[in-house]
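Single-structure report; data block below.
The values are calculated or read from the model by the stated rules, or taken from the named source; none is laboratory data. As the structure is a prediction and not an experimental result, all values here were calculated from the model. Because the Cβ atoms are built from the backbone with ideal geometry, glycine has one as well, and the counts that use them run over all protein chains shown.
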Amino acid sequence: MKRFSGAQTGPGSGSCARRGIKTVMCPWYKYDCSIPNCPVLPTQHMVDVSSHELVPDHGMVDSAELETVLEEYNITKTDLPKIRRKDPAVPSEAEVGDVVKITRDSRTTDHAIVYRLVVEKQ
């Protein structure tokens, strides 16, 4: 993989991740996207991480299901584990304050379900 040598600084400098681009590597120029002032256009960076086979299903929770879960565990919404809004696996329609249902495959049970509260920063 090619990398830039030296640090590039200046106004507006920052990695592609800081600009909100969800990516692992520049597919066009094969540069590491964590470098400042990446020369590749943002549209060339787009990679849909949520469709990868190792990423568990992330879905939105409706209010009726949320009430049932909170009542069952005797907790409030803010007691749930948190997940950042900019996490690549979070559904695009999720907003801060929503709850996401994550369904993973499990060795001991058929599947494991986890609920997470969407936050801006932790």
Query raised in the report: Hey, which of the strands (runs of 3 or more DSSP E) in the stretch 52-107, taking only ones fully inside, have at least 1 residues that are under 21 Å from Lys121 (Cβ atoms), among the aliphatic types (A, V, I, L, M) and touching a residue at least 40 places away in the same chain (Cβ under 8 Å)?
Result: 57-60, 99-105
Query raised in the report: Exactly one of (1) within 20 Å of the chain's Cα centre (by Cα); (2) at pLDDT below 95 is unmet by Thr109. Its number?
Result: (1)
